[in-house]
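K.L.:
Input: one structure, supplied below.
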Amino acid sequence: MAAGGCRPRGLRAAGGWAPCAALALGWALGWALGAAPPHRCRPDAALLPPPLRRLAGAALLRAAVPRLRGGWSPCQLYRYPHTAAAAAAAARPNGTGPCTRGWHYALPAAGLRSNLVTQWDLVCTSRWKVPLEQTTHLLGWMLGSVAAGLACDRFGRRPTFVVSLVLAVPLGLSVALAMNFIMVLVTRLLFGAALAGAFLSLYVARLELCDPPHRLVVTMVAGFFWIAGELLLPGLAVLCRDWRVLQGAVTMILALLAACWWCPALLLESPRWLLATWQLERARKTLQALAESSGPSSNEGSCHQESLLAELESLSEGSPQPRYHAVCEIFSTRVIWKNSVILGFAAFIGSGIRHCFTRNLDPHLPHFFSSYFVQVGTEVAACLFVCLTAERFGRRAILLLCTVLTGISSLLLLALTQYLLDLIVLTLSVVGITASHAVAMLSIFFASEVLPTVIRGAGLGLIMGASFVGKAAAPITAIPNSRGFFLHHVVFASFAILAVLSIMLLPESQGRSLPQSLQDGESQRRPPLFHRPPREDHLPLLAPQGIPHDYSRLAASTKRMLGSPAAPRET
């Protein structure tokens, strides 16, 4: 009996974690699709003088392609004088010019024998199209986060997740079947938007089924599932060999995931959101399903569950109209608006400044896999660090520490790179990447805890959108041949210092219940830096008792709102 009671909770845990691996595959695809392999121009015998046109093999290559330190020129061919005297003397080249017969690529690139770069020759004068594609995909994630956040607060967490996941399947197939580069840009933008919608709605639904002692752990475990998906990508790329096959394989994984989501036990609708928006009948049914799937409980817990369900049933008899809140209501608040701006700013900085550190790794890690695995390794380190410290010392203190480490590493590299040993530069870069990833990850998690339930989806969508705008800053600076990198580094280093000052204005969410209404969000105050509030709530996702006592307080609060003569009845 106990084992049977544990099974639904295990399904719900899997439903909150397993999709992260599939979504991570869709996110990381861009790394492989846009990886530029080493390349050189194909020799063009028509550009050579007649005595040299009979050459072949290595001799033809030496006569046609300039030799640079470290290899052949990737974008130039020799030009020869074509006068009769020069041709008779087999003259030396008198200049260089662009490639005329395409390129030869050193394959595989990122495990693939064909990707976007080799398919449409996105090198040399067309290399700006690769960062354009990356920027477009990130723009899709930003738009998808904002749109899904609005949908979460209006239609619910589970419907938004399922619809986003279902839409990702045909959009992913459209990417695989794209006939030209413009079609790739459009379909990759929409594919990224669908993935972002699934990620955000799953993130919010998972968080709202947790109590304070377990919210961080459950979210970090989901982060490790995400990292596992990123680690699977290189192996999948080696197996698929072609970018269209790889895109199709990832899409099929998403299709399998969508096909399994008919089972409500994998992801229940958030009871917190249902209660906060006065959908009492749906909340009663959802809480009853939680109670029935949680196995046997004590007499006290059983009485508590029955009384709560009876109270919700009596409240729902009056048929109160659901009340939804628009994201624009944030602008009429003071505390919620301040917290949202600070955490959105921190997420933007943490994501945008990472390129300033990864650029220092490129000369030392020239191969795709080595660079990729180092960056994924820093994500593992950041997740472990946040998991071990944020619950002990508080969200605000650890966010402040990570932002300080990010700013110091950035300033040292900005001012002293040419004077430091390579080992020190590498160490500072790795520390900076790890700290900046922790800043972005913890800012989003922190925001999800301080935003009230009625606007949590839309508010978190805006903050995640700011994070993706920060990520997009790196490929944007690469479009004009990376000439904006120094300014990029200066701006984000300055922003990091400003973020250190603003983080001190945040409240502390460690050990506190999630705010439900706008009034709850406005009542949050800034405690001392290392203040540790008492723990509250119980966990419906993992705890042996089916319905947490926290929902009793939510029901009582809902009852008071419904009984208030000034309570609006708007839809």
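K.L.:
Taking the options LEU365, LEU384, name whichever one is under 23 Å from GLU230 (Cβ atoms) and in a loop (DSSP other than H, G, I, E, B).
P.N.:
Matching residue, one of LEU365, LEU384: LEU365.
K.L.:
Of the residues ALA35, ALA21, ALA28, which is at negative phi, modelled with pLDDT of 85 or more and part of a loop (DSSP other than H, G, I, E, B)? Quick ask: steps written out before the conclusion?
P.N.:
Details: ALA21 fails: part of a loop (DSSP other than H, G, I, E, B); ALA28 fails: part of a loop (DSSP other than H, G, I, E, B).
The conditions single out ALA35.
K.L.:
If you don't mind, there's one more thing I want to ask. Need the failing condition index for TRP243 against (1) within 29 Å of GLY457 (Cα to Cα); (2) in contact (Cβ under 8 Å) with a residue 24 or more places away in the chain, just the number.
P.N.:
The one condition TRP243 does not meet is (1).
K.L.:
For residues in region 381-412 being in contact (Cβ under 8 Å) with a residue 60 or more places away in the chain, open to solvent by less than 70 Å² (accessible area, probe 1.4 Å) and aliphatic (A, V, I, L, M), which is farthest from SER502 (Cα to Cα)?
P.N.:
VAL386
K.L.:
Separate question: Report whether or not ARG284 is under 14 Å from ARG157 (Cβ atoms), touching an Asp or Glu at 6+ places or on another chain (Cβ under 7 Å) and open to solvent by less than 70 Å² (accessible area, probe 1.4 Å). Break it down stepwise before answering.
P.N.:
Values: under 14 Å from ARG157 (Cβ atoms): no; touching an Asp or Glu at 6+ places or on another chain (Cβ under 7 Å): yes; open to solvent by less than 70 Å² (accessible area, probe 1.4 Å): yes.
For ARG284, the condition - under 14 Å from ARG157 (Cβ atoms), touching an Asp or Glu at 6+ places or on another chain (Cβ under 7 Å) and open to solvent by less than 70 Å² (accessible area, probe 1.4 Å) - is not met.
K.L.:
A further question on this structure: Take VAL439 and decide whether it is touching a residue at least 24 places away in the same chain (Cβ under 8 Å) and more than 30 Å from ASP211 (Cβ to Cβ).
P.N.:
When the stated conditions are applied, VAL439 does not pass them.
K.L.:
Determine which single condition LEU189 fails, assuming it passes every other condition in (1) touching a residue at least 60 places away in the same chain (Cβ under 8 Å); (2) under 29 Å from GLY457 (Cα atoms); (3) in a helix (DSSP H, G or I).
P.N.:
It fails just one condition, (1).
K.L.:
Report yes if ALA178 is outside any loop (DSSP other than H, G, I, E, B) and either out of contact with any Gly (no Cβ under 9 Å at 6 or more places or on another chain) or not small (Gly, Ala, Ser) (or both), otherwise no. Can you show your working first?
P.N.:
Details: outside any loop (DSSP other than H, G, I, E, B): no; either out of contact with any Gly (no Cβ under 9 Å at 6 or more places or on another chain) or not small (Gly, Ala, Ser) (or both): yes.
No.
Listed here are the residues, each with its yes/no results for (1) of a type in the set (Val, Ile, Thr); (2) surrounded by fewer than 19 Cβ atoms within 10 Å (Cβ to Cβ); (3) modelled with pLDDT of 95 or more.
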site	(1), (2), (3)
PRO159	no, yes, no
PHE181	no, yes, no
VAL204	yes, no, no
LEU207	no, no, no
CYS210	no, no, no
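One line per residue, one yes/no per condition, for (1) of a type in the set (Asp, Glu); (2) part of a loop (DSSP other than H, G, I, E, B); (3) at pLDDT 65 or above:
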site	(1), (2), (3)
PHE492	no, no, yes
ILE497	no, no, yes
GLU508	yes, yes, yes
ARG526	no, yes, yes
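The values are calculated or read from the model by the stated rules, or taken from the named source; none is laboratory data. Computed from a predicted structure; not experimentally measured. Every residue, glycine among them, receives a Cβ derived from its backbone with ideal geometry; neighbour counts consider all protein chains shown. For the accessible areas, the whole protein counts, side chains as well, though only heavy atoms, and no ligand, DNA or RNA atoms are used. Shrake-Rupley method; radii C 1.70, N 1.55, O 1.52, S 1.80 Å.
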